[in-house]
Amino acid sequence: MEEIEPDYAPLIPIGREVPTDSGPIDNLFINSSGLVTIVEAKLWKNPEARREVVAQILDYAEQVSKWSYEDLDERARRSTGQGLWEHVVAATDESARLDEDEFADAVTRNLRRGRFLLLIVGDGIKESVEQLTDYVHRSPGLRFHLALVEMRVYDMPDGVGFLVVPAVVARTQEIVRAVVELRDAEQAIDVTSPETETWKASGGIARKKLDDGAFFGSIHAALGTEGVQAAEGFLGAAMQRGLIVDAKTASRMVKIRDPRGSGKVFTLFGIHKGGELVIGWLAGQTVEAGIEYEGSAAQRYLQSITSIFGATLTADRKSVAPEFWRSKPTVVEARAKLGAFLLALDTYLSAIGWDVGSGG
């Protein structure tokens with residue numbers, strides 16, 4: 001732990017196979033400062049691990065970030081027979097821990113911010129898996145450290161046992177991914193914005209893309225914390241599928257480059273800074289790629305998601321077919337139907353030759 005993130009030491013086990021809505025966490029730990037560590041163990045011979053392990057542990061982190069102190073306390077009681085505070089007291093020196101109220105406040109704050117240590121532990125980490133960690137930097141909503149730890153196993157002489165040597169393969173620095181820090185439901189948000197990227201519009205006028213801080217801050221102003229979390233859910237699902245999340249002046253648009261080699265980019269959906277879920281341009285983009293729109297996978301996709309959200313398709317003067325929504329659902333309203341939406345999205349992606357399971 002000293003080599004990875006000493007702030008998270010010492011590790012006090014809360015439980016094994018701790019249930020979440022995304023599946024059981026292999027090992028869950030906490031320390032006397034209220035910092036949580038999530039551990040995912042994988043055999044790297046398993047091909048699934050090489051593609052999905054980072055997304056899986058991130059799913060766990062997103063689930064845990066929705067827990068309250070009481071939720072974590074309940075899981076500690078199931079696993080240890082003690083409440084969380086009693087369990088921590090029994091495992092630490094009195095001089096090393098906070099008082100009970102401070103501890104509960106620290107745990108609540110760290111859960112809400114998603115401030116976790118994520119450890120991926122395996123018996124032989126491949127370079128391709130290390131490269132998967134790059135996409136985590138684009139995942140909005142959580143603060144966390146990530147480390148890949150290889151457990152190197154050696155046979156001892158004369159068959160007397162094994163020597164297991166842990167080695168840290170890679171680690172990140174703490175990153176504020178949504179760059180929106182929600183300190184209190186009644187307080188204004190703090191925004192730490194990265195350097196804003198600029199681009200040239202068609203008239204030669206430099207326009208600014210909306211950075212993450214401003215984007216999520218605007219959604220929070222419109223829909224509150226629930227809106228930010230809902231937007232994260234849609235955008236996170238897109239990134240898990242290897243899709244492009246394009247920052248625009250007033251939105252985030254999710255796109256895919258045509259896997260059939262036309263060179264065209266298809267716009268699948270987007271989120272406006274006001275928190276509305278939006279669609280548009282896919283019909284025209286499909287025709288530009290040389291595909292007949294009538295009866296196409298694109299048409300079925302638009303009709304399907306329009307039905308899911310109870311919207312109505314309409315066209316503008318440049319549209320080749322109805323491809324926009326007349327009234328747009330907010331991400332909070334749409335969140336309850338995220339599963340059905342992703343099924344329709346995956347059906348479309350598979351129809352155009354995108355390998356949904358491997359992100360490409």
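The values are calculated or read from the model by the stated rules, or taken from the named source; none is laboratory data. Note that the coordinates shown come from a computational prediction; the quantities given were computed from them, not determined experimentally. Every residue, glycine as well, gets a Cβ built from its backbone with ideal geometry; the counts of neighbours run over all protein chains shown.
For segment 240-282, taking the residues that are assigned to a strand (DSSP E or B), at pLDDT below 95 and of a type in the set (Lys, Arg), the one that is nearest to Val332 (Cα to Cα) is identified as Arg252. Yes or no: segment 304-312 includes at least one residue that is of a type outside the set (Phe, Trp, Tyr), farther than 30 Å from Ala214 by Cα and out of contact with any strand residue (DSSP E or B) (no Cβ under 7 Å at 6 or more places or on another chain). Within segment 304-312, one or more residues are of a type outside the set (Phe, Trp, Tyr), farther than 30 Å from Ala214 by Cα and out of contact with any strand residue (DSSP E or B) (no Cβ under 7 Å at 6 or more places or on another chain). Exactly one condition in (1) among the basic types (Lys, Arg); (2) buried (at least 18 other Cβ atoms within 10 Å of the Cβ); (3) modelled with pLDDT of 90 or more is false for Arg16; which is it? Failed condition: (2).
Hey, among Ala298, Ala334, Ala283, Ala340, which residue is hydrophobic (A, V, I, L, M, F, W, C), under 27 Å from Phe216 (Cβ atoms) and either surrounded by 19 or more Cβ atoms within 10 Å (Cβ to Cβ) or in contact with a strand residue (DSSP E or B) (Cβ under 7 Å, 6 or more places away or on another chain) (or both)? Walk me through it before giving the result.
On the way: Ala298 fails: under 27 Å from Phe216 (Cβ atoms); Ala283 fails: under 27 Å from Phe216 (Cβ atoms); Ala340 fails: either surrounded by 19 or more Cβ atoms within 10 Å (Cβ to Cβ) or in contact with a strand residue (DSSP E or B) (Cβ under 7 Å, 6 or more places away or on another chain) (or both).
Of the residues listed, the single one that is hydrophobic (A, V, I, L, M, F, W, C), under 27 Å from Phe216 (Cβ atoms) and either surrounded by 19 or more Cβ atoms within 10 Å (Cβ to Cβ) or in contact with a strand residue (DSSP E or B) (Cβ under 7 Å, 6 or more places away or on another chain) (or both) is Ala334.
Taking the numbered list (1) at pLDDT 70 or above; (2) within 24 Å of Leu118 (Cβ to Cβ) in turn, Gln173 passes all entries but (1).
Here is a list: Leu132, Leu111, Leu98. Which entry is in a helix (DSSP H, G or I) and at pLDDT below 85? Reasoning before the result, please.
Working: Leu111 fails: at pLDDT below 85; Leu98 fails: in a helix (DSSP H, G or I).
None of the others qualify; the one that does is Leu132.
Note on segment 295-314: among residues that are under 22 Å from Lys264 (Cβ atoms) and free of Cβ contacts under 8 Å to residues at least 12 places away in the same chain, the one that is farthest from the chain's Cα centre (by Cα) is Gly295. Reported count of residues in segment 1-42, each being under 15 Å from Val121 (Cβ atoms) and either in contact with a Cys (Cβ under 8 Å, 6 or more places away or on another chain) or in a loop (DSSP other than H, G, I, E, B) (or both), is 5.
Looking at Lys328, is it farther than 30 Å from Val54 by Cα, basic (Lys, Arg) and not in a helix (DSSP H, G or I)? In short, yes. A residue that is farther than 28 Å from Gly227 by Cβ and surrounded by fewer than 17 Cβ atoms within 10 Å (Cβ to Cβ) occurs somewhere in segment 250-258.
Report yes if Ile291 is assigned to a strand (DSSP E or B) and of a type in the set (A, V, I, L, M, F, W, C), otherwise no. So Ile291 does not fit the description; no.
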